[in-house]
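The values are calculated or read from the model by the stated rules, or taken from the named source; none is laboratory data. Predicted model, so just to flag it, every value in this text is computed and none were measured. Note that each Cβ is placed from the backbone with ideal geometry, even for glycine, and that neighbours are counted across all protein chains shown. In case anyone asks, the SASA skips ligands and DNA or RNA and just uses the protein heavy atoms, side chains included. Shrake-Rupley method; radii C 1.70, N 1.55, O 1.52, S 1.80 Å.
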Amino acid sequence: MGETLHNVMLLAPEVCITLFLCLLFIVDGLFPSLRSNRFPMILTVVACIASMILTAKVGKTPAAYFGGMVVNDGFTTFFRYLFFFTAAVSSYVAFGSKEVEAKSRIEFSLLLLCVTVGMSLMASASNLLVLYMGIEMVSIISFVMAGFRRDNLRSNEASFKYLVFGGVASALMIYGFSLIYGLTGSLNYSQIAASLIAAQGNVGLITWLALVLIYSGLAYKISAFPMHFWAPDVYEGAPTPITAFFSVGPKAAGFAALLRILLTVFAVKTGDGNWKAVEGLSLTSIIAVISAATMIVGNLSALGQTNVKRILAYSSIAHVGYMLMGLVTLDRSGITAIIFYLIAYCAMNIGAFWVVGVVSNIRGREDLEAFRGIGWSMPVLGTCMAIFIFSLTGIPMFSGFIGKFLIFGSVIKSGGFLWLALLGVLNSVVSLYYYVKILKSMWLDKPETEESLRLPFYHAVGLVGLAIPTIVLGLYFTPILEFAEKTLATLL
Amino acid sequence: MFPILSVMTYIPLLGMIIILALPRNNPNLVRWVAVGVTAIPLALGVYLYLSFDRSTASMQFVEQFDWIKPFNIQYYMGIDGLSIPMVLLTVLLTFLCVIASWGIETGVKGYYAMFLFLETGMMGVFCALDFFLFFVFWEIMLLPMYFLIGIWGGKEKVYAAIKFFLYTLFGSVLMLLVMVGMYYYSEPHTFNLLQLAQGHMFVGKTVVLFGHQLPVDKLFWIGLFIGFAIKVPVWPFHTWLPWAHVEAPTAVSVILAGVLLKMGTYGILRMNYPILPEATLWAAEFMMVLGIINILYGAFCAMAQKDLKKLVAYSSVSHMGYVMVGMASFTTAGVNGAVLQMFNHGTSTAMLFLLVGVIYDRAHHRWIVKPDGSKGFGGIAAVVPVYTGIMAIALFASLGLPGLSGFISEALVFLGAFSNPRFQTYVVIGSLGILLGAAYLLWMFMRVFLGPLNEEYKDLKDMNFREVFTLMPLCALVIVLGVYPMPVLNLMGSTIEKLLTLFS
């Protein structure tokens, strides 16, 4: 009993979110009038903040609990922070948007909190079944969220597409899990790793097949090549605040799961704090190719787009490519770079989608034409967008540059994948072309009619709140870097 | 110690914030604040000039402290004989350009904010002694430049702006790779440019690229060189230049030609030369050939232009070729000539662009010969004598007439290059450029200013006080440095001498 209680205590942040979820239900039942004002949002933000505080409290010593089903280490802690932050910001964005109707705000909050628990589970799972549960929890609720605008055809299409892709990916992944179970007799990460090491390089085709299948499932979550096809349509169709959330939250969760599986199951820690692939599995070249393909596909597809949401959707695929570069060398600096990149990406990408959401609320559409001259009528919005866009391109002074600097640094340091680094920087030149198209619309093109638009204070606060860390992290990132390193050091 | 370089760098940034906070409906207030803000770095620049120690090659006015500890990145600013002429050029031209931009009517606040931001970037590039810091400033400069060309430019501004941005970013990302590479291949890992320049760190190391073992130092050299060459611009990376220079508003063209182009050659002298001397020697011939191509190609292109501004733009390509030739000669005279040419080209081209801007403001076109073949300007010397006089000075300075500044630097460049036996043939070919330069400039002068007056322009107004005011300091510099170049040569002498010991 004491043991169980202790275990539950370690799960406190997720429990906290769940309790708030129940509270939302109850309050909604008792006071239906509250559902259409800002109350659900406030409750969501409070839930997220409370969970962050709890995360700080429980995250002291790394430990596995519930019989090794889940672990609580620095890695979990980091991703919990990231998820709760993302959820809080997303709900703030959503409540300022017309795309999330007032009458269904409570549903939005409920679904968001649910997904957050699922993401948290994905990051802490150390058992394939728990991981699967986490992924399904995120996926299924995401399908609903994508189709949030029931009366909108695009939104329905997004939901359906997401569902079909998700179903296939899940099926592939669970098949991979079953193969692993058949091979090693366990679903637990550390036991699988032990039997893979014990095989001493005697890795058969089946192991590879299992690896590929598991990768497919996770690639779907992070929208990496070749499982990225759903992303543009889903991102375009879903309400913009939800897109902002999708492009950061579930993606980061996918990265959490991918990193943990790769580093603890298919690789072993070496003495100097780096990792090397389990004997017989030459992972690095494969990751390099996937990373290259992902960023090329993302960037080249974005070039021809005219819908800003689609541009950002493809750009978010390209960013996955950059982040995967950090995995290629399987060393500490690369993974640290990924963690930093996720932080930077979280702020700048939510920010960019947020701007799109605001514009789309005003103009009712999201193509480049809708952005025409909007920088001049709403300078704060335009300046913030410029900051996010330059950061996404990876121009110095902004956090995106530091992310790329760290990633490219880790690749160059290893010396082996210079071509990938070269490809990466060339890709960021290509990406400039489509990013700048957005800025061109906003600033260089003059508005057709003189209109006086005002950016609501509500949005201005939030956008500036995301723009500031984007600049600050670009100029001084030592604390975050140290935090990321600490995060990794305790990876179980 | 008073952090004079940082103050000079960040005062414009502060000014930008002030300007953004000013009310939108009072453009004159914005303009005067911008003048006031840029006057401060100018005044400090005068102080720098007066108190700069000319006898030493070491860094002066140094500010150094840790910035990002885990990567050993420092905030390290300082200037030596190579940077101070560029710093002075920057503060002077920015100040004059702010005055020259009085005619900007739309988005005045944004324009001046971007202009001041640009000055921060330029100052930073010339003062930074840490590669990371240098890179940050180098790229920061792109952002205001993109908007300045793209918002306040001419007809094809959008294309010109994106072309400029893409080209420069392409160069920068290669520089980024080299920067990271230098960090990891140096022992101990550092971004400090002076430390990197000590003891030939990258000689003999190799790296595998596409299955080939390649020497690291030469790869670094090529990466850096492309990054800088795009900025210079060295043929064949020059195609952004005519677009950007022509489409940009006058003051921005002045900054582009006067300061930004110099960043390329400055970068080569600051990084390629001291950090990778072996590779530099290896590539000397290559640089020399590119320099000669630049001189001749730029001159021929300039000769073919019908647009006055495009002619001046191509003349920049030609004149930057002299800098390349001087640098590649590895002689004291040559390199001194190159750096002096950087300064002199900054003043004379700035004059030319300002003058083109003056006539464009009045006639709203710049055709020497209109595209349909009919006559553009003609014989306007009769109606605008002051304008013609100043144009003549700028033009003769630019083509290297003895007694004006261009002559000294071009003479030094060729003198230096000729005294290196390897390059004598090249020099003979390259000196044709002087002839061509005289040809296109004088031909232009003849067609625009001399001959019978085109009646269309008989009411052309001569320059007003503000315009004369912006040109007078440059005029004075061009004449004074043409007679007595020592004020600038003295500044850089020791630094260049020390730099060249690496190659002897």
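Numerical summary
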| read-out | value |
| --- | --- |
| Relative contact order [Cα under 8 Å, 6+ residues apart], chain B, whole percent | 15 percent |
| Table column - 3J(HN,Hα) (Hz), segment B:187-199, Karplus curve with 6.51, -1.76, 1.60, x for Gly and Pro | 10, x, 4, 8, 10, 5, 5, 6, 5, 4, 7, 8, x |
| Inter-chain Cβ neighbour average for residues A:434-447, partner chain, 10 Å | 3 |
| Positive-end residue, chain B charge dipole about Cα centroid, Cβ charges, pick of B:Val312, B:Gly227, B:Leu399 | B:Val312 |
| Inverse of mean 1/r across different Cα pairs in chain B, Kirkwood, Å | 22.8 Å |
| Highest to lowest packing among B:489-499, B:454-464, scored as the average C-beta count within 10 Å | B:489-499, B:454-464 |
| Solvent-accessible surface ranking, highest first, for B:Trp102, B:Trp235, A:Trp275 at 1.4 angstrom | B:Trp235, B:Trp102, A:Trp275 |
| Amide H partners (placed H, <5 Å) of B:Leu209, local residues excluded | B:Leu214 |
| Unit charges on C-beta of K, R, D, E only; dipole of segment A:265-397, Debye | 220 debye |
| Segment A:353-486: relative contact order in percent, alpha carbon pairs under 8 Å with at least 6 residues between | 38 percent |
| Share of carbon and sulfur in the accessible heavy-atom surface of segment B:283-504 [1.4 Å probe, %] | 70 percent |
| Kirkwood Rh in Å, taken over the protein assembly as shown so that all alpha-carbon pairs contribute | 30.2 Å |
| Among A:Thr383, A:Trp354, A:Phe401 the positive-end extreme of the charge dipole of segment A:284-492 (Cβ point charges) | A:Phe401 |
| Per residue convex hull volume, Cα atoms of segment B:283-504, in Å³ | 108 Å³ |
| For B:435-446, mean number of other protein chain Cβ atoms within 10 Å | 0 |
| Å² per residue, accessible surface of the protein assembly as shown at 1.4 Å | 33 Å² |
| Per DSSP, loop GluC sites (Glu not before Pro) in segment B:112-200 with at most 14 further Cβ within 10 Å | B:Glu156 |
| Inter-part distance where segment A:205-275 and segment B:25-41 are each reduced to a Cα centre, Å | 52 Å |
| Estimated D of segment A:284-492 in µm² per second, where Rh is the Kirkwood radius over Cα pairs and Stokes-Einstein applies at 37 °C, 0.692 mPa s | 188 µm²/s |
| Dipole magnitude of chain A, debye to nearest 20 (Cβ charges: Lys/Arg +1, Asp/Glu -1, about Cα centre) | 300 debye |
| Solvent-free Debye scattering, log10 I(q)/I(0), computed from the Cα coordinates of segment B:166-256 at q = 0.20 Å⁻¹ | -0.95 |
| Burial order of peptide ranges B:241-254, B:375-388, B:195-208, A:207-220 (average beta-carbon count within 10 Å, highest first) | B:241-254, A:207-220, B:375-388, B:195-208 |
| Diffusion coefficient, µm² s⁻¹, Stokes-Einstein with Kirkwood Rh over alpha-carbon pairs of chain A at 37 °C and 0.692 mPa s | 145 µm²/s |
| Alpha-carbon Rg/Rh ratio, for segment A:299-357, with Rh computed the Kirkwood way | 1.06 |
| Chain B: DSSP helices with Cα axial extent of at least 20 Å and average Kyte-Doolittle hydropathy no lower than 1.0 | B:4-21, B:27-51, B:83-100, B:108-127, B:157-185, B:216-231, B:284-304, B:385-399, B:405-419, B:432-449, B:465-483 |
| Whole-Å distance, taken between Cα centres, linking segment B:382-423 and segment A:312-368 | 52 Å |
| Cβ-based charge dipole, the protein assembly as shown, positive-most Cα from B:Met342, A:Ala313, B:Thr332 | A:Ala313 |
| Accessible area buried at the A-B interface, both sides summed, 1.4 Å probe (Å², nearest 100) | 3600 Å² |
| Percent RCO, i.e. relative contact order, over segment A:103-227, from Cα pairs under 8 Å lying at least 6 residues apart | 21 percent |
| Interface residues in segment B:182-198 - accessible area drops by 50 Å² or more relative to the isolated chain, probe 1.4 Å | B:Tyr184 |
| Size of charge dipole - segment A:284-492 - debye, nearest 20, with Cβ of Lys, Arg +1 and Asp, Glu -1, no other charges | 120 debye |
| Other-chain or far-sequence residues with amide H under 5 Å of B:Trp67's (modelled H) | B:Ile73, B:Gln74, B:Tyr75 |
| Ellipticity estimate at 222 nm from DSSP helix runs (n ≥ 4, -39,500 (n - 2.57)) divided over chain B, nearest 500 | -22500 deg cm²/dmol |
| Per-residue mean of C-beta atoms belonging to partner chains within 10 Å, peptide B:150-158 | 2 |
| Ellipsoid equivalent to segment B:28-123 - semi-axes via the Cα gyration tensor, in Å | 30, 19, 9 |
| nm² value of the averaged projected area, convex hull over the Cα atoms of segment B:41-86 | 3.9 nm² |
| B:Asp307 long-range amide H proximity, modeled H, under 5 Å | B:Ile368 |
| Packing rank of A:314-321, A:259-266, where each peptide gets the mean count of other beta carbons within 10 Å, highest leading | A:314-321, A:259-266 |
| Net +/- balance of residues flanking B:Trp152 in space, Cβ distance below 11 Å, scoring K and R +1, D and E -1 | -1 |
| Exposed GluC sites (Glu not before Pro) absent - longest run of chain A, DSSP non-H/G/I/E/B, at most 12 other C-beta within 10 Å | A:1-447 |
